[in-house]
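Quick note: the coordinates plus some simple rules give every number you see, no bench work behind them. Computed from a predicted structure; not experimentally measured. No Cβ is skipped: glycine too gets one built from the backbone with ideal geometry, and neighbour counts run over all protein chains shown.
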Amino acid sequence: MRTEEEFHARYAGLTETLLNDPDMFGYCYTQLTDVLQEQNGIYRFDRTTKLDVERIRAVQSRPAACER
């Protein structure tokens, strides 16, 4: 992704797909912080915020299909 907005749009879309699947009972975003050669974290290597954490929280907080 080139921009933070592109990341948020893609992340929300992928997460929504998982949360809408009644057969999905769990998933994990494994890289919370950037590490040496990988740059996929929500936080930078020094643990400062890189993305809008409130937007990520909003996407993650909605009930999954299996909870409704």
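Observations on the model:
- Under a model in which nothing but the beta-carbon of Lys, Arg (+1) and Asp, Glu (-1) is charged, the chain shows a dipole of about 140 debye around its Cα centre.
- Structure-based [θ]222 nm, the chain - -39500 (n - 2.57) summed over DSSP H runs of at least 4, per residue, nearest 500: -11500 deg cm²/dmol
- Dimensionless Rg over Rh [the chain; C-alpha; Kirkwood]: 1.01
- Each other residue within a Cβ distance under 14 Å of residue 16 adds +1 if Lys or Arg and -1 if Asp or Glu, for a net charge of +3.
- Since only 49, 59, 9 are under comparison, the one whose Cα sits farthest along the positive direction of the charge dipole of the stretch 4-67, derived from C-beta charges on Lys, Arg, Asp and Glu, is 49.
- Angle in degrees between helix 4-19 and the longest Cα principal axis of the chain, rounded to the nearest 10: 30 degrees
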